[in-house]
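Report on one structure; see the data block that follows.
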Amino acid sequence: MGSAIALGLRRANPESSILAIEPDAVRRASIINGGITAIEILPNPIASEVLFLATTPQDFSSFLEINPHIKKYKGIIISVMAGTCISELTDRLNCSQVFRAMPNLACAENEGVTIVLAAASVTQSNSKKVKNLLSGLGLLLFIQNEKLMHSATALVGGGPAYLSFFAAALYEYAISSGFEKASALLITAQLMSGTSRLLKLAQDDPIKLCERVMTPGGTTQQAVNIFEKNQIKKTIIDGLKTACARSATLGRST
Ligand SMILES: NC(=O)C1=CN([C@@H]2O[C@H](COP(=O)(O)OP(=O)(O)OC[C@H]3O[C@@H](n4cnc5c(N)ncnc54)[C@H](OP(=O)(O)O)[C@@H]3O)[C@@H](O)[C@H]2O)C=CC1
Ligand SMILES: O=C(O)[C@@H]1CCC=N1
């Protein structure tokens, strides 16, 4: 996720100076190949105006042990770690200018969604700075109810995974029907983006678009009947609820 943010920020503002920290040599080389400067360890002192924290929540403790100097950092910290709550971030980072964000991988293409919560202690000018910065990554929504962050993690952070999962079914169907892999991929991707455009224009419950496609007595209804019989919608909602619960568990275990 860290490199997706770096790529999106660079694309939004090519003049900005971005430094990625990546301990793994192979991953570091791939970031450098993407045109982003990357080094192995967090510099001491930290000179950046904004620091994104994109380790896994499970690595947060070891990150703090390896980098005790982060507690002297006076800039802005934006954590994208699932689960880890704002009070834990401000306490353990010894920083008042902390934001908890939940972005997704489409931020790399400036087509992401990012949900953000600011610590009560952040200044108005830093809040404005973060708004400007993150709005370059796509849709940006500031919230005040931290409880929503677990759902945001399931929905926004995980969203591209569920849509890709559905897309994988379309892709596999296309190949099994005889389409070349390249055509199957183009068709699948265009189906996703074309549908997304229609949904944005309609500004209505997505099921309405589904219904518009289902010509009475036609073909699509037959497919949707199978989805309904197998409770696909309920299964997806159950999946998101479980992801949301996992976010809460991760928050308690860091
Ligand atoms: N993947 C996604 O779509 C999303 C992820 N997130 C959040 O982003 C975070 C990262 O997730 P994801 O990118 O999937 O996980 P990855 O495991 O791919 O990335 C974690 C990164 O943190 C690095 N890291 C670990 N320890 C340190 C350290 N001490 N100093 C510097 N870097 C360190 C890892 O390095 P190394 O390569 O050496 O292991 C790795 O590059 C998580 O907190 C997750 O909740 C949020 C929204 C969406
Ligand atoms: O799967 C995860 O835990 C992270 C957070 C949301 C998306 N990826």
- request: Assign unit charges at the C-beta atoms only (+1 for Lys and Arg, -1 for Asp and Glu), then state the dipole size of the chain relative to its Cα centre in Debye, rounded to the nearest 20.
  value: 440 debye
query: Straight-line reach from LYS233: which lysines have a Cα under 19 Å away, not including same-chain ones fewer than 8 places off?
result: LYS208, LYS241
task: Starting with the highest mean, order 178-189, 150-161 by the number of other Cβ atoms within 10 Å, averaged over the residues of each peptide.
output: 150-161, 178-189
task: Could you tell me the largest-minus-smallest coordinate of the C-alpha atoms of the chain on each of the three principal axes, in descending order and whole angstroms?
output: 67, 39, 31
query: Got a sec? What order do VAL113, VAL26, VAL224 fall in by accessible area at 1.4 Å, biggest, i.e. largest, first?
result: VAL26, VAL113, VAL224
message: Along the Cα→Cβ direction, 7 angstrom out, place labels at LEU170 and VAL26. What is the inter-label distance in nm?
response: 3.2 nm
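Using a 1.4 angstrom probe with every protein chain in place, what is the largest-first accessible-area order of LEU89, LEU7, LEU148?
Numbers: LEU89 0, LEU7 60, LEU148 85 Å².
I get LEU148, LEU7, LEU89, largest accessible area first.
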task: Give the angle, between 0 and 90 degrees and rounded to the nearest 10, that separates the Cα long axis of helix 232-253 from the longest principal axis of the Cα atoms of the chain.
output: 10 degrees
task: Give me the distance between the Cα centres of segment 217-254 and segment 14-83, rounded to whole Å.
output: 34 Å
field: Solvent accessible area, Å² - GLU211, 1.4 Å probe, full protein context
entry: 90 Å²
query: In the neighborhood of ARG28, defined by Cβ-to-Cβ distances under 10 Å, what is the net charge if each Lys or Arg adds +1 and each Asp or Glu adds -1?
result: -2
- prompt: Where does helix 124-135 land angle-wise versus the long Cα axis of the chain, in degrees 0 to 90, nearest 10?
  reply: 40 degrees
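Protein chains only, probe 1.4 Å: how do TYR162, TYR73, TYR173 rank by accessible area, largest first? Write down the numbers at each step before the final one.
Numbers: TYR162 80, TYR73 15, TYR173 155 Å².
The ranking, largest first, comes out as TYR173, TYR162, TYR73.
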- request: Binning at 5 Å from 0, report for segment 159-253 what percent of all alpha-carbon pair distances ends up in each bin.
  value: 2, 11, 14, 20, 22, 15, 8, 5, 2, 1, 0
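Quote to one decimal, in nm, the extra length available between LYS147 and SER125 on full extension: 0.36 nm per residue of separation minus the C-alpha distance between them. Each step should come with its number before you reach the end.
On the way: separation 22, 0.36 × 22 = 7.92 nm, distance 2.50 nm.
Working it through step by step, the gained length comes to 5.4 nm.
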query: Relative to the longest principal axis of the chain, what angle (0 to 90°, nearest 10) does the C-alpha long axis of helix 220-229 take?
result: 60 degrees
field: Mean Cβ count within 10 Å, highest first, over the residues of peptides 97-110, 233-246
entry: 97-110, 233-246
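Computed over the Cα atoms of segment 74-153, what is the ratio Rg over Rh, Rh following Kirkwood?
Checking Rg against Rh, the ratio lands at 0.94.
The values are calculated or read from the model by the stated rules, or taken from the named source; none is laboratory data. Model, not experiment: these values are computed from the prediction. Using ideal geometry, Cβ is built from the backbone for each residue, glycine included, and neighbour counts are taken over all protein chains shown. The accessibility values were calculated without ligands, DNA or RNA, using every heavy atom of the protein model including side chains. Shrake-Rupley method; radii C 1.70, N 1.55, O 1.52, S 1.80 Å.
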